[in-house]
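Visitor: Pasting a structure here, questions to come.
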Amino acid sequence: MDEALGPPPAMAEKAEELTPMLSQYLELCERYDDALVLFQVGDFYETFCSAAEATARVLEITLTQREDSTGTYPMAGIPIDSAESYIETLLEAGYRVAVADQVQAPEETSGLVDRAVTRVVTPGTLTETELLEDADNNFVACLTEGYGLALLDVSTGDFYATRLDRLDAVADELERFDPAEAVVGPDAPTEPFASGCMVTPYERSAFDLENAREKVEAYFGTTSLASDAEMRACGALLAYAEYARGGTTDGDIEQLDYLNHLTRYDPREYMLLDAVALRSLEVFEPRHVHGLEGAALVETLDETASALGGRELRDWVRRPLLDTDRIEARLDAVEALVGAVGERERAGELLADVYDLERLVAGVSRGRADARDLRALESTLSVVPDLRDCIAEVTDDSEKLAAIHDRLDDCPEVRDLIDRAIAESPPVEITEGGVIREGYDETLDDLRATEREGKAWIDDLETEERERTGIDSLSVGHNSVHGYYIEVTNPNLDSVPDDYTRRQTLKNSERFYTPELKEREEEIINAETRADDREYDLFREVRRDVAEATERIQETARAVAELDALCSLATVAAQYDYCRPEVGADGRESSSASRPSSDAAASDGIDIEGGRHPVVERTEEAFVPNPTDLPRERPMAVITGPNMSGKSTYMRQVALICVLGQLGSFVPAERAALPVVDRVFTRVGASDDIAGGRSTFMVEMTELAAILEDADENSLVVLDEVGRGTSTADGYAIAQAATEFLHDEVGAYTLFATHHHELTGVAADLPRARNYHFSAEREAGGVSFEHDLRTGAATASYGVEVAETAGVPAPVVQRAEALLDDEIADAEVTQSPATASTDGGELPEALLAELRAVDLADTTPLEALNLLSRLQKRVE
Ligand code: ADP
Ligand code: MG
């Protein structure tokens with residue numbers, strides 16, 4: 001791919017001899033050496049040499065040649081009219097595209113037309129709305145050494161900065177934001193980026209601290225960031241955005257003023273859903289199970305009416321809150337909207353008429369918006385007063401809605417200006433007239449009047465000339481080459497008066513003009529071009545004036561986005577019978593700190609009645625609700641049950657209910673009291689992780705080690721069949737050791753599903769754990785599942801029952817049952833020493849000595865596991 005970029009050697013070799021046009025091409029290739037240069041020649045964008053070969057191959061278009069005195073060059077071109085879809089294909093193939101337009105009209109020069117790169121299209125800096133997903137952001141990321149991370153959506157102006165403390169955390173952030181492209185600084189890692197993300201290492205001066213600070217201050221004013229790494233990332237990213245917007249030679253470059261709001265955040269202010277959790281809980285993307293595609297959490301929540309709201313909702317889901325005040329504020333708003341059915345429906349209708357304000361205003365600020373965009377902006381702003389009236393009814397019940405109400409500014413002067421200046425249904429082209437309304441500008445109106453009068457005179461000309469000459473078939477017409485003419489058929493040529501001058505000869509007729517016609521024609525053309533130019537100037541003036549209001553419009557856009565997201569949550573809550581959760585209830589009045597109180601007693605733990613899985617309940621006709629009771633003092637549940645009984649679904653449901661509650665949504669349950677969870681860990685056992693294709697025991701253990709290392713008492717840990725990736729004995733030992741460690745040391749809210757039936761024996765002996773099981777009923781023709789969670793361990797082994805139902809002879813079934821009883825009995829025997837260890841006294845002195853010698857402060861979880869396993873072996 002690389003040889004398609006940069007100056008083609010065949011041209012570089014004879015740079016001195018090239019024709020002026022090709023040497024212009026060569027120069028642009030040198031300047032934009034990491035992009036494919038599309039070079040405007042008339043109605044086409046051309047590429048040459050190896051770039052042409054690559055373009056022809058990727059776009060499946062014909063490779064031609066250009067020949068001149070200096071040589072023959074491969075050439076491939078695409079018509080400008082359909083360039084966008086070709087550019088999209090080039091992006092998909094992994095190219096950046098530098099669009100070099102003619103920035104001078106050919107008639108303005110006798111020599112070479114000026115060309116300049118007017119934009120560099122890259123996957124992460126797209127602003128062409130037709131290439132973008134409406135309801136999703138399109139981020140470009142910038143990562144530096146020391147893990148400064150900046151993220152920018154050029155199409156909307158959303159700009160985030162943070163600093164992470166380690167590589168894993170970088171990968172987790174990237175999973176949430178899912179950037180399409182990344183620029184990485186010197187010595188920054190490239191491995192945390194997903195495969196679909198275009199990554200370019202830059203050794204550029206943009207990463208120098210002083211340059212970066214200057215850039216950041218130019219956009220955001222004096223800004224304090226938590227670290228130099230962040231400053232470098234933000235500065236370099238702004239420089240990259242400037243690079244991507246291109247620039248024309250006449251100084252008419254895109255303004256990026258709408259990048260005026262930097263959101264600096266600390267990932268620790270939000271519930272951390274790491275990459276693995278996002279995937280296994282199917283938050284954004286459904287997993288493919290047995291080739292079937294389900295739905296993702298975010299889809300089940302998305303009843304937003306506008307693209308703005310869709311993006312806002314995704315941001316909330318990406319970053320559930322920890323601050324109970326903020327959570328309560330959203331919940332209050334959702335509750336108010338759930339109750340206000342009429343207002344919510346009305347707001348929904350109004351929001352459906354909202355265009356993508358953020359992208360519109362970004363386009364206005366960049367000088368790329370056309371007249372239709374301004375009209376769309378006006379029509380969106382015109383909805384705002386109604387929206388404000390509509391929610392005025394519910395502001396008493398929610399401070400957040402009251403604040404949104406006050407932030408909704410319809411910017412009347414902007415509306416008035418657009419309404420007065422811009423035609424009601426203007427053309428897309430802004431240079432060819434028809435965009436400015438009559439009555440807005442006197443000069444323009446005069447020019448248009450001259451044009452109209454001239455045309456009216458010409459309209460009357462036919463009648464007048466017929467009378468004057470007596471030729472009934474005489475006609476007046478116009479064509480683009482010859483202009484206006486009077487046409488007379490051959491039999492009537494004798495009657496043509498003297499003041500007619502021949503303009504064109506056709507087969508059956510002649511075309512003429514008169515001095516007066518010519519004069520009128522010039523007048524019309526003159527007025528028309530001047531009017532078009534005037535309109536273009538006026539239009540740009542209006543656009544600049546509208547751009548003055550960028551910040552106000554952006555603020556309104558943010559308020560609209562929040563309102564739409566809240567309405568969406570309320571609609572889902574009402575439609576699917578969700579309830580308002582109590583989140584971190586006890587901690588609420590004691591502190592408004594953003595971190596959950598480390599005082600464990602601050603919350604009563606997870607207490608859910610009639611909980612449902614928000615996604616599965618939509619497709620499962622008879623979804624069975626289940627309770628969850630994990631009080632702070634007994635935060636662990638070990639769940640057993642046969643395959644297909646509902647273990648995995650249940651555990652995810654609990655995690656998703658916590659996620660929903662903390663993002664400020666109602667939850668699918670009859671009643672729910674939830675703690676503030678700072679992090680959700682999920683590990684799905686190797687054999688269950690079919691889609692992930694990560695089936696080695698090593699991966700599973702690495703992930704388990706990370707949980708044991710990072711989880712704390714405010715975490716929620718979901719372990720689904722961990723320990724399956726190895727022989728039963730090992731797997732069981734590890735499962736047991738991990739359970740004990742989580743129980744004794746970590747104290748996290750833990751849901752542990754296992755088919756290791758023996759593990760229930762372990763849980764029975766742990767004071768802060770409880771056994772649960774899903775049962776199955778034997779029925780004629782098979783086993784049926786009730787999906788009904790019960791306390792206690794599962795007793796039956798359904799494998800044997802299934803065998804019996806299937807017609808395996810009775811003696812075999814009986815022998816299997818006997819064997820199974822022995823095994824369970826054995827398992828219980830091996831556990832008794834472990835049990836004894838909790839009350840001490842009965843262990844051999846040597847073991848006790850070894851235990852005492854362990855320096856817990858200096859022991860990693862993995863070492864602890866190893867130690868446990870050694871101890872266990874010796875006990876056995
Ligand atoms: P396990 O992890 O025990 O093998 P799963 O959680 O994968 O079981 O669930 C198996 C199937 O049962 C799923 O296809 C799901 O649709 C269905 N299911 C799970 N829980 C329920 C429930 N509470 N009510 C109704 N159907 C359920
Ligand atoms: Mg399962």
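The values are calculated or read from the model by the stated rules, or taken from the named source; none is laboratory data. As the structure is a prediction and not an experimental result, all values here were calculated from the model. In this analysis, Cβ positions are derived from the backbone assuming ideal geometry, glycine residues included, and neighbour counts consider all displayed protein chains. Each accessible area value is taken on the protein alone, full model and side chains, heavy atoms only, with ligands, DNA and RNA left out. Shrake-Rupley method; radii C 1.70, N 1.55, O 1.52, S 1.80 Å.
Visitor: State all residues of segment 651-667 that are open to solvent by less than 10 Å² (accessible area, probe 1.4 Å) and near ligand 1 (Cβ under 9 Å from one of its atoms); if no residue qualifies, say none.
Guide: Residues satisfying the conditions are Met651, Gln653.
Visitor: Please work out which one of (1) at pLDDT below 75; (2) over 47 Å from the mean Cα position of the chain (by Cα); (3) of a type in the set (A, V, I, L, M); (4) open to solvent by less than 80 Å² (accessible area, probe 1.4 Å) is the condition Ala776 fails and give its number.
Guide: (2)
Visitor: Applying the selection to segment 741-772, what residues are open to solvent by less than 30 Å² (accessible area, probe 1.4 Å) and not hydrophobic (A, V, I, L, M, F, W, C)?
Guide: His743, Gly747, Tyr749, Thr750, Thr754, His756, Thr760, Gly761, Asn771, Tyr772, listed by residue number.
Visitor: Condition check: outside any helix (DSSP H, G or I), out of contact with any Ser or Thr (no Cβ under 8 Å at 6 or more places or on another chain) and within 22 Å of Pro79 (Cβ to Cβ). Does Glu53 satisfy that?
Guide: no
Visitor: Taking interchain pairs and intrachain pairs at least six residues apart, which have beta carbon atoms under 6 angstrom, with the first residue in segment 359-380 and at positive phi and the second open to solvent by 10 Å² or more (accessible area, probe 1.4 Å) and outside any helix (DSSP H, G or I)?
Guide: Matching pairs, first to second residue: Gly367/Glu254.
Visitor: OK, next. Among the residues of segment 604-663, count how many are of a type in the set (Lys, Arg) and touching a helix residue (DSSP H, G or I) at 6+ places or on another chain (Cβ under 8 Å).
Guide: 4
Visitor: On to the next question. Any residue in segment 493-504 that's assigned to a loop (DSSP other than H, G, I, E, B): show its pairings with residues that are open to solvent by 60 Å² or more (accessible area, probe 1.4 Å) at Cβ separation under 8 Å, as long as the two are six or more apart or on different chains.
Guide: These pairs meet every condition: Pro497/Arg468; Asp499/Pro515.
Visitor: Please determine whether any residue of segment 440-449 is over 30 Å from Val414 (Cα atoms) and open to solvent by 60 Å² or more (accessible area, probe 1.4 Å).
Guide: The answer is no; no qualifying residue exists.
Visitor: Here's another thing I want to ask about it. Look through Val638, Val624 and report the one residue that is under 30 Å from Tyr732 (Cβ atoms) and crowded, with 24+ Cβ neighbours inside 10 Å.
Guide: Val638
Visitor: Among the residues of segment 311-362, which ones are open to solvent by 30 Å² or more (accessible area, probe 1.4 Å) and outside any helix (DSSP H, G or I)?
Guide: Within segment 311-362, Asp353, Tyr355 meet the criteria.
Visitor: Follow-up question, since we're still on this one. Only one residue in Ala733, Ala672, Ala729, Ala686 is at pLDDT 90 or above and among the aliphatic types (A, V, I, L, M). Which one?
Guide: Result of the check over Ala733, Ala672, Ala729, Ala686: Ala672.
Visitor: Quick one: which residue in Ala182, Ala212 is more than 24 Å from the chain's Cα centre (by Cα) and either touching a residue at least 40 places away in the same chain (Cβ under 8 Å) or buried (at least 20 other Cβ atoms within 10 Å of the Cβ) (or both)?
Guide: Ala212
Visitor: Out of all the residues in segment 25-43, is one or more in a strand (DSSP E or B), open to solvent by 20 Å² or more (accessible area, probe 1.4 Å) and basic (Lys, Arg)?
Guide: Checking segment 25-43: not a single residue is in a strand (DSSP E or B), open to solvent by 20 Å² or more (accessible area, probe 1.4 Å) and basic (Lys, Arg).
Visitor: Those residues that are loosely packed, with under 12 Cβ neighbours inside 10 Å and modelled with pLDDT under 90, I need them from segment 499-526; list them, please.
Guide: Answer for segment 499-526, where residues must be loosely packed, with under 12 Cβ neighbours inside 10 Å and modelled with pLDDT under 90: there is none.
Visitor: Can I ask one more? Test Gly42 against the criterion of being small (Gly, Ala, Ser) and closer than 26 Å to Gln104 by Cβ, and give yes or no.
Guide: Criteria met by Gly42.
Visitor: Restricting to strands (runs of 3 or more DSSP E) lying wholly in segment 58-138: which have 2 or more residues that are under 20 Å from Tyr25 (Cα atoms) and without any contact (Cβ under 8 Å) to a residue 12 or more places away in the chain?
Guide: Filter on segment 58-138 gives 64-68.
Visitor: If you don't mind, there's one more thing I want to ask. Would you please name the residue that is modelled with the highest pLDDT, looking only at residues in segment 383-416 that are farther than 19 Å from Asp353 by Cα and outside any helix (DSSP H, G or I)?
Guide: The qualifying residue modelled with the highest pLDDT is Ser398.
Visitor: Separate question: Suppose the filter is in contact with a Pro (Cβ under 6 Å, 6 or more places away or on another chain) and open to solvent by 20 Å² or more (accessible area, probe 1.4 Å); does Ala141 pass it?
Guide: When the stated conditions are applied, Ala141 does not pass them.
Visitor: Residue pairs, Cβ under 6 Å, 6 or more apart or interchain, first in segment 624-653 and within 10 Å of ligand 2 (Cβ to nearest atom), second in a loop (DSSP other than H, G, I, E, B). List them.
Guide: Close Cβ pairs (under 6 Å, with a partner that is in a loop (DSSP other than H, G, I, E, B)) amount to Gly641/Ala794; Lys647/Gly641; Thr649/His613; Arg652/Leu281.
Visitor: Still on this model: Any residue in segment 608-615 that is at pLDDT 95 or above, surrounded by fewer than 24 Cβ atoms within 10 Å (Cβ to Cβ), more than 10 Å from ligand 1 (Cβ to nearest atom) and not aliphatic (A, V, I, L, M)?
Guide: yes
Visitor: Still on this structure, I have one more. Among the candidates Glu88, Glu133, which residue alone is within 20 Å of the chain's Cα centre (by Cα) and either more than 24 Å from Ser50 (Cβ to Cβ) or aromatic (Phe, Trp, Tyr) (or both)?
Guide: Unique residue meeting the criteria: Glu133.
Visitor: May I ask you to say which residue of Thr469, Thr529 is surrounded by fewer than 16 Cβ atoms within 10 Å (Cβ to Cβ) and polar (S, T, N, Q)?
Guide: The conditions single out Thr529.
Visitor: Within segment 80-98, identify whether any single residue is touching an Asp or Glu at 6+ places or on another chain (Cβ under 7 Å), modelled with pLDDT of 90 or more and open to solvent by 30 Å² or more (accessible area, probe 1.4 Å), and answer yes or no.
Guide: Checking segment 80-98: at least one residue is touching an Asp or Glu at 6+ places or on another chain (Cβ under 7 Å), modelled with pLDDT of 90 or more and open to solvent by 30 Å² or more (accessible area, probe 1.4 Å).
Visitor: For segment 375-416, which residues satisfy the criterion of being open to solvent by 50 Å² or more (accessible area, probe 1.4 Å), in contact with a Leu (Cβ under 7 Å, 6 or more places away or on another chain) and over 22 Å from Glu312 (Cα atoms)?
Guide: Correct list: Arg415 only.
Visitor: Also, I was wondering about something else. Could you tell me which of the residues Arg372, Arg368 is in a helix (DSSP H, G or I) and open to solvent by 20 Å² or more (accessible area, probe 1.4 Å)?
Guide: Arg372
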